[in-house]
Amino acid sequence: MKKSDIKHSWAEPYKIKMVELLKMTTKQQRIKAIKEAGYNTFLLKSEDVYIDLLTDSGTNAMSDIQWAALMLGDEAYAGSKSYYKLEAAIQKYYGYKYIVPTHQGRAAENILSKILIKKGDVIPGNMYFTTTRLHQELAGGTFTDIIIDEAHDPYSDHPFKGNVDMAKLEKVVKKYGAKKIPYISIATNVNMAGGQPVSMANLKELRAYTKKLGIRIIHDMTRVAENAYFIQQREKGYAKKSIKDIVKEICSLTDGATMSAKKDALVNIGGFMATNEWDVFEEARNMVVVYEGLHTYGGLAGRDMEAIAVGIAESLDDNHQRARIGQVEYLGHKMMEYNVPIVQPIGGHGIFVDAKKFLPHLTQDQFPAQTLAAEVYIDSGVRTMERGIVSAGRKANGENYYPKLELVRFTMPRRVYTQAHMDVIAESVASVYERRNSIKGLKMVYEPKYLRFFQAKFEKL
Ligand code: F0G
């Protein structure tokens, strides 16, 4: 090999100090387990799972420094030192003025939606997220999608599929009027689109437009550092900027945020709501007492707030994100070598397999993504998640949403699995792909009222 042919690959900026042992299962055991779970991977017992890619939420490995920080937790009911450390970290790294801790992201969404949304309001956003939209609806609002069309096309290689289509937004504003729009809901690194980023240019355009009309931008910043990594890699003028600086700039273009710290911030539980408006903060600080706990702990232990404060700083390290997303890209390329259809470009927090194309003989009512997730589990004990018609749920009038994207998400916990695990995952998907024509669909036999994907049950057709 010539010297110039050598490619420098990504690698983890850490080494392993402790391991968690896993149970290995047989195929017969897995067939039984998934049947008992109603072909829903959410209902499997985790001890029956080998490689758990259900979610990147709360499944991260904390660093030795985060574990040490747990010991510093101040468990005072009121005015905990740990709260002030968390507040200082959020102000320093994200730049928001006021913060209210919550036990996780959806609790922040509940409080913020209740404060900002009135009955009949419309909330435009760059694609829905399950819990976010539900809280907007429960508060009396209606979500409307204003993401660019490319986001709904798994094979468009647009570098910023999370972008807002400004023409779609203007149409919504014209139709309902700015007064009916309490805020625009902007997620960085759009989960349901496949972990796709928003560009800084798009955010700047959105800021200029909303400023004129006096409409807020509320930032779902759950994966903001991953979005910043893509801006650094892909957007003109950002190659030499640090992820830290890019994150701060993103936040500066918005008025407030909800955060699930269980993702980017490298912890197992926690979240917060942030705002630059005193009035909104005052109301949130009062409301959190009803739903979560006093405003200086919001449903978290002092030690949890310590771990988040450290995790925020670690998440903004350039080497961390390069390894984090490098691992996801490694898995994606491996699947592509086996011709498995995946969402392009490869996203930040996982690989999204296109179940419609994988199982073209199934109609969407036969739940192709739910089916594929069950088949992959049976093959290798790898647990994934449906992100298609089951996740999309029903409209207020009871009709099913039929989302264009019918995906299985292979979500990567941060700092948890090795490159050999990635190989096992790709090989398992490839072997299911080989026998795809013989795979039958599912029928739903139990459907809960809210967020049905968590608890619905299915049987084989
Ligand atoms: N917003 C986004 C973009 C999310 O991905 C999540 C959670 C939330 C809000 C809610 O936060 O779980 O802390 O209450 N996503 C997880 C997932 C559940 O698997 O994608 P939470």
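Key figures for this structure:
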{"read-out": "Over the chain: helical MRE at 222 nm, DSSP H runs n ≥ 4 each giving -39500 (n - 2.57), nearest 500", "value": "-12000 deg cm²/dmol"}
{"read-out": "Solvent exposure ordering (accessible area, 1.4 Å, most first) of LYS334, LYS23, LYS240", "value": "LYS240, LYS23, LYS334"}
{"read-out": "Listed residues HIS361, HIS158 arranged by accessible area, highest first, probe 1.4 Å", "value": "HIS361, HIS158"}
{"read-out": "Cα centroid of the stretch 27-90 to Cα centroid of the stretch 233-277, whole Å", "value": "21 Å"}
{"read-out": "Summed side-chain charge close to GLU375 - residues other than GLU375 whose Cβ falls under 9 Å, Lys, Arg +1, Asp, Glu -1", "value": "+1"}
{"read-out": "Value of relative contact order over the stretch 188-342, rounded to a whole percent, pairs C-alpha under 8 Å and six or more apart", "value": "19 percent"}
{"read-out": "Candidates per trypsin sites (Lys or Arg not before Pro) in the stretch 38-124, loop by DSSP, up to 15 other Cβ within 10 Å", "value": "LYS45, LYS97, LYS118, LYS119"}
{"read-out": "Which of HIS8, HIS320 is most accessible, then next, and so on - probe 1.4 Å", "value": "HIS8, HIS320"}
{"read-out": "Accessible surface of the chain, 1.4 Å probe, proportion on carbon and sulfur as whole %", "value": "53 percent"}
{"read-out": "FRET efficiency, GLU36 to ALA396 (Cβ-Cβ, R0 45 Å, nearest 0.05)", "value": "0.85"}
{"read-out": "Low-density loop positions, chymotrypsin sites (Phe, Trp or Tyr not before Pro), the stretch 139-178 - DSSP coil, at most 12 other Cβ in 10 Å", "value": "TYR155"}
{"read-out": "Test item: Cα-centred dipole of the stretch 71-122, Lys/Arg +1 and Asp/Glu -1 on Cβ, debye", "value": "200 debye"}
{"read-out": "Karplus-derived HN-Hα couplings along the stretch 177-191 (A = 6.51, B = -1.76, C = 1.60, θ = phi - 60°), whole Hz, x at Gly and Pro", "value": "x, 4, 5, 8, 10, x, 6, 9, 9, 10, 9, 8, 6, 5, 4"}
{"read-out": "Estimated dipole of the stretch 134-228 in Debye, rounded to 20 [Cβ of Lys and Arg +1, of Asp and Glu -1, Cα centre]", "value": "680 debye"}
{"read-out": "Residue among ASN40, VAL172, ILE439 farthest towards the positive dipole end of the chain, charges placed on Cβ", "value": "VAL172"}
{"read-out": "Label-point separation, LEU213 to ARG435 (7 Å along Cα→Cβ), nm", "value": "5.3 nm"}
{"read-out": "Cα gyration tensor shape of the stretch 1-156, rounded if a/c is under 1.5, else prolate or oblate by comparing a/b with b/c", "value": "rounded"}
{"read-out": "Assigned charges on the beta-carbon of Lys, Arg, Asp, Glu; the stretch 64-315 dipole about Cα centre (debye)", "value": "720 debye"}
{"read-out": "Solvent-accessible area per residue, Å², over the stretch 110-219 with all protein chains present [probe radius 1.4 Å]", "value": "39 Å²"}
{"read-out": "Anisotropy class of the stretch 64-315 from Cα gyration tensor, a/c 1.5 cut", "value": "oblate"}
{"read-out": "GluC sites (Glu not before Pro) restricted to the stretch 393-461 and DSSP loop, no more than 16 other C-beta within 10 Å", "value": "GLU399"}
{"read-out": "Backbone HN-Hα couplings from phi across the stretch 343-357 [Karplus 6.51/-1.76/1.60, Hz, Gly and Pro as x]", "value": "5, 10, x, 4, x, x, 10, x, 9, 10, 8, 7, 6, 4, 7"}
{"read-out": "Cα coordinate range in the stretch 345-446, projected on the principal axes (Å, largest first)", "value": "46, 31, 28"}
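The values are calculated or read from the model by the stated rules, or taken from the named source; none is laboratory data. The structure presented is a predicted model; accordingly, all values stated were derived computationally and were not measured. A quick note on method: Cβ atoms are made from the backbone with ideal geometry, for glycine too, and the neighbour counts reach across all protein chains shown. For the accessible areas, the whole protein counts, side chains as well, though only heavy atoms, and no ligand, DNA or RNA atoms are used. Shrake-Rupley method; radii C 1.70, N 1.55, O 1.52, S 1.80 Å.
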